[in-house]
Amino acid sequence: MALDVLYRGTPGHPLHPPLTDATIGAYSFATVAAVLSKVGIAEPEAATAWTLALIVGLIFSAPTAVTGFADWLRIERGTPPWRTATAHMLAMLIATAFFLVSIGAGYGEGIDGAVTDGAFILTLVGFLVLTVGGWLGGTLVFNYGMRVLNLVEEPASRATSPIPRPEEDAAER
Ligand code: HEM
């Protein structure tokens, strides 16, 4: 089995998309918790939830970025998908930086039950940039068909099988 299965997944089962669900889920939850904290609902638990969700999001960001980067390396440079993927990468790195700085700015008080104004604004901006990055990521999959096989005649047992199907490498973009 080729080693790249560990950071690219297999044809029909890429690793980056499911990891993005975990990362975006954690950051979205952190943003909701920050809003709840600011409007005074569920204090001080909302602020603690904000802190912990940001930590979870930052942890998931590492494998998400590595797997995305591995796919990006295989796109032909200078093409429209490459430009879109590069903009996506930049957006996601900027969003991650905002979340990192926001937890740095508000960690102590967040754990103690308050999201500071500065940390709140940084979280909101991070979420906005994350949304733009997610839009660009979706464009890569649903417009350019990246990592999509579209084998509609494939039997379900074979399509859902976790066993790599090297002969389908060629079908993947
Ligand atoms: C926090 C980090 C990241 C998040 C949350 C994220 C999110 C996403 C999302 C939502 C998609 C669409 C997948 C789908 O609709 O199922 C996507 C696709 C993609 N992203 Fe990312 N991304 C991140 C980092 C990166 C980085 C750093 C790169 C490149 C260096 C990258 C390259 C790609 C590529 C090439 C695709 C096309 C599908 C694929 O190859 O799996 N991503 N990303």
Worksheet, complete the sentence: So, with points 7 Å from each Cα along the Cβ direction, the R83-I121 label distance in nm works out to 3.4 nm
Fill in: Surface accessible to a 1.4 Å probe, S157 within the full protein complex, Å²
90 Å²
Worksheet item: Given charges of +1 on the Cβ of Lys and Arg and -1 on the Cβ of Asp and Glu, with all other atoms neutral, how large is the dipole of segment 36-173 about its Cα centre, in debye to the nearest 20?
Response: 380 debye
Worksheet entry | In degrees, nearest ten, helix 117-142 long axis to first principal axis of the chain (Cα) | 10 degrees
Discussion item. With a 1.4 Å probe and all protein chains left in place, how much accessible area per residue does segment 56-104 have, in Å²?
Written reply: 54 Å²
Worksheet item: Of all accessible surface on segment 1-152 at a 1.4 Å probe, what whole percent is carbon and sulfur?
Response: 74 percent
Worksheet, complete the sentence: With Cα coordinates, the longest principal axis of the chain makes an angle with the long axis of helix 16-38, in degrees rounded to 10, of 20 degrees
Discussion item. So if the hydrodynamic radius of segment 63-132 is defined as the Kirkwood radius over C-alpha pairs, what does Stokes-Einstein give as its diffusion coefficient at 25 °C and 0.890 mPa s, in µm² per second?
Written reply: 183 µm²/s
Worksheet entry | Ranked by how many other beta carbons lie within 10 Å on average, peptides 105-118, 12-25, 48-61 from highest | 48-61, 12-25, 105-118
Practice prompt. Compute the Kirkwood hydrodynamic radius of segment 44-173, taking the inverse of the mean of 1/r over all pairs of distinct Cα atoms, and give it in Å to one decimal.
Written response: 17.0 Å
Worksheet item: Hey, if you put +1 on the Cβ of every Lys and Arg and -1 on every Asp and Glu Cβ in segment 1-145, which of G134, T51, A114 ends up farthest toward the positive end of that dipole?
Response: G134
Discussion item. Sorting check: for 134-140, 30-36, which peptide has the highest mean count of neighbouring beta carbons within 10 Å, and how do the rest follow?
Written reply: 30-36, 134-140
Practice prompt. Using only C-alpha positions, report the orientation-averaged shadow area of the convex hull of segment 33-92, nm², one decimal.
Written response: 5.0 nm²
Worksheet, complete the sentence: Pseudo-spin-label distance A2 to E76, built 7 Å along Cα→Cβ, given in nm, is 1.8 nm
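The values are calculated or read from the model by the stated rules, or taken from the named source; none is laboratory data. All values derive from a computational prediction rather than experimental measurement. Neighbour counts are summed over all protein chains in view; Cβ atoms, including those assigned to glycine, are modelled from backbone coordinates with ideal geometry. Ligands, DNA and RNA are stripped out before the accessible areas are found, and what is left, the full protein with its side chains, is counted by its heavy atoms. Shrake-Rupley method; radii C 1.70, N 1.55, O 1.52, S 1.80 Å.
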